[in-house]
């Protein structure tokens, strides 16, 4: 992983000292809230419902054990003993005091972490495939360019006051695990004529007006990456709608001007600025790449894994759901679920974080990842070590075998914390997980992506959930809208709304009706919910939802 | 006007506070001054000291025997804290 240079350390120290002085001036009354707010947002400090919140970037989701320990220390020293991993590979602390935040930032700087540009109208934390550097299907590790983009975008003088926030995601695998088409810019590493380059998508995003990113450049040569990105952001910076925050994102700019016109302007701008990139960026990239060299993998026998897999049904269930194929046959990618039934999706206690740090150091070449699905990944574990790893995880409630299943829910903080939320999402996630666990239906239902947002901004990615839930405030009452058939994968798809929403008390039974309908109508266990939805369409599920006593029964009987 | 009180978040702690009749910021809603005259409420809101709190606003309440309670569920959550963890006001004895 990337290690800070002297330049990086000096930059961060200066920046943190500046913010410390800004906080002091706010506390002394020299700065008004109006003056202070944009400054604190650029440093990741929000004021939420019950307290301040500090959002710390975990660039492209990559951490070492020392960094994870520092996150645990922060949770204990300045917060209430836990942190919340978000859907953008950040961690949020829910209870810091304003006066403590400069100390928190200094503690983070010691391990090469920061909260810069995790908020505000800037280029945000660059996200990446959480299996980067480990996945069997990967063309190239996307993290070196993610780091290059982090360095280029951090404090970029032209891009500190953009029309709105701007999000970039990168993947180096044909299977898109980074939801690149739902970002302002999505970058996919592709090969052409033996050379690697980038497919560039622009104008994707969820939120109030969900749109799927469009390909603006099918193949961008490696050396053109930064000037091309700069051209795109620059064109949007001039054209973007600062008059209306709901129309300010680049997806609306692309929609209003058309992809062709945007592409033409980008090419024009690119031609102008390309010569100013002398090649220093490429020299820097080569240096960054060297720091992302794969660890010295040790060859390990498969037998200990195979023995445990055959003998221990609990280990087997976990291995079946939580392991993914590593590029080496004697290793596996381990997803540690932060979704124990009834717990808050994405929350980890300081004790759990320390255990994960220890296990990464002991079994995982010191590597950890945070996924946008709010889980922790140990990207490189020898299969021989998996039984011992599983036993250690189990002791701290971290061995839930539910990755990719119903209870592996993405949920935003919702109205339990967030000042923008219109309804709660965490307790809905908790109740759904517990309800289906009690019914013992989760494994029978099989692969399912359930995603919950507590407002229209869609931090919980509800549009791309197989089942999406959106919490709204309808005349002073929490109301939950359901969408079906979304897909967060390579062929990104937006779900269709079923109809009127359901109250807080009604939402869990409503989801049960949808899933019982699926169980009754699927062709076999091999047909997933999403596949069944694509075959059947919205109608039977809608009937099950809104006319549970009539039409659905009829349909179910007909199918039987 | 609908009976209302003035609420905000404290500058240093960020927690929820309510303006009392003595001009102090209290941690519980029960101590808040309830306004029924719009002009008085607006005047008090205008004179809030921006060095102590952030984002002060008028919040409608319903009155039972003179005691205010929130009209909107968001305000009810603000009097307690999050529902997933026993943190915030509910844990601090307010």
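The values are calculated or read from the model by the stated rules, or taken from the named source; none is laboratory data. Computed from a prediction, not measured in an experiment: that's the story for all the values here. All Cβ positions, glycine included, derive from the backbone under ideal geometry; neighbour counts span all protein chains shown.
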I'd like the residue in segment A:65-88 that is in contact (Cβ under 8 Å) with a residue 24 or more places away in the chain and within 14 Å of chain B (Cβ to nearest Cβ) and, out of all such residues, is surrounded by the fewest Cβ atoms within 10 Å (Cβ to Cβ). A:81
Residue A:507 buried (at least 23 other Cβ atoms within 10 Å of the Cβ) and either within 16 Å of residue A:538 (Cβ to Cβ) or at pLDDT below 95 (or both): no
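I'm checking my understanding of the structure. Among residues of segment A:443-460 that are closer than 18 Å to residue A:419 by Cα and assigned to a loop (DSSP other than H, G, I, E, B), which one is farthest from the other protein chains (Cβ to nearest Cβ)?
Applying the first criterion (closer than 18 Å to residue A:419 by Cα) to segment A:443-460 yields A:452-460.
Checking the rest, the ones that are also assigned to a loop (DSSP other than H, G, I, E, B) come to A:454-460.
Values: A:454: 11, A:455: 11, A:456: 15, A:457: 16, A:458: 19, A:459: 16, A:460: 14 Å.
Once the filter is applied, the top-ranked residue is A:458.
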Being at pLDDT below 95 and facing chain A (nearest Cβ under 10 Å), is that true of even one residue in segment B:7-23? no
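Tell me whether segment A:482-501 contains one or more residues that are part of a helix (DSSP H, G or I) and either out of contact with any helix residue (DSSP H, G or I) (no Cβ under 8 Å at 6 or more places or on another chain) or surrounded by fewer than 23 Cβ atoms within 10 Å (Cβ to Cβ) (or both).
Within segment A:482-501, the subset part of a helix (DSSP H, G or I) is none.
No; the residues of segment A:482-501 include none that is part of a helix (DSSP H, G or I) and either out of contact with any helix residue (DSSP H, G or I) (no Cβ under 8 Å at 6 or more places or on another chain) or surrounded by fewer than 23 Cβ atoms within 10 Å (Cβ to Cβ) (or both).
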So how many residues does segment A:246-259 have that are within 15 Å of residue A:166 (Cβ to Cβ), under 23 Å from the mean Cα position of the chain (by Cα) and in a helix (DSSP H, G or I)? 3
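Check whether at least one residue in segment A:462-475 is within 14 Å of another protein chain (Cβ to nearest Cβ), within 17 Å of residue A:548 (Cα to Cα) and in contact with a strand residue (DSSP E or B) (Cβ under 9 Å, 6 or more places away or on another chain), and report yes or no.
no
Out of the residues in segment B:56-94 that are surrounded by fewer than 14 Cβ atoms within 10 Å (Cβ to Cβ) and under 11 Å from the mean Cα position of the chain (by Cα), which is farthest from the other protein chains (Cβ to nearest Cβ)?
Pass one, segment B:56-94, residues surrounded by fewer than 14 Cβ atoms within 10 Å (Cβ to Cβ): B:57, B:62-67, B:69, B:76, B:86, B:91-93.
From what is left, the residues that are under 11 Å from the mean Cα position of the chain (by Cα) are B:57, B:69, B:76.
Numbers: B:57: 12, B:69: 14, B:76: 10 Å.
Looking at the filtered set, the residue picked out is B:69.
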State which residue is farthest from residue A:26 (Cα to Cα) when the search covers only segment B:37-55 and only residues that are more than 14 Å from every other protein chain (Cβ to nearest Cβ) and in contact with a strand residue (DSSP E or B) (Cβ under 7 Å, 6 or more places away or on another chain). B:41
Note: among A:384, A:423, just one is in contact (Cβ under 8 Å) with a residue 60 or more places away in the chain and surrounded by 24 or more Cβ atoms within 10 Å (Cβ to Cβ), namely A:423
Got a number for residues in segment A:42-64 being at pLDDT 95 or above and either farther than 15 Å from residue A:99 by Cα or more than 10 Å from every other protein chain (Cβ to nearest Cβ) (or both)? 16
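Evaluate the following for residue A:506: is it away from chain B (no Cβ under 14 Å) and over 30 Å from residue A:169 (Cβ atoms)?
Working: away from chain B (no Cβ under 14 Å): yes; over 30 Å from residue A:169 (Cβ atoms): yes.
Yes, satisfied.
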Note down all Cβ pairs under 6 Å where the first residue falls in segment A:1-16 and is farther than 21 Å from residue A:101 by Cβ, the second is assigned to a helix (DSSP H, G or I), and they're at least six residues apart or on different chains. A:2/A:147; A:2/A:291
Across segment A:288-306, which residue is farthest from residue A:133 (Cα to Cα) among those that are free of Cβ contacts under 8 Å to residues at least 24 places away in the same chain and part of a helix (DSSP H, G or I)? A:306
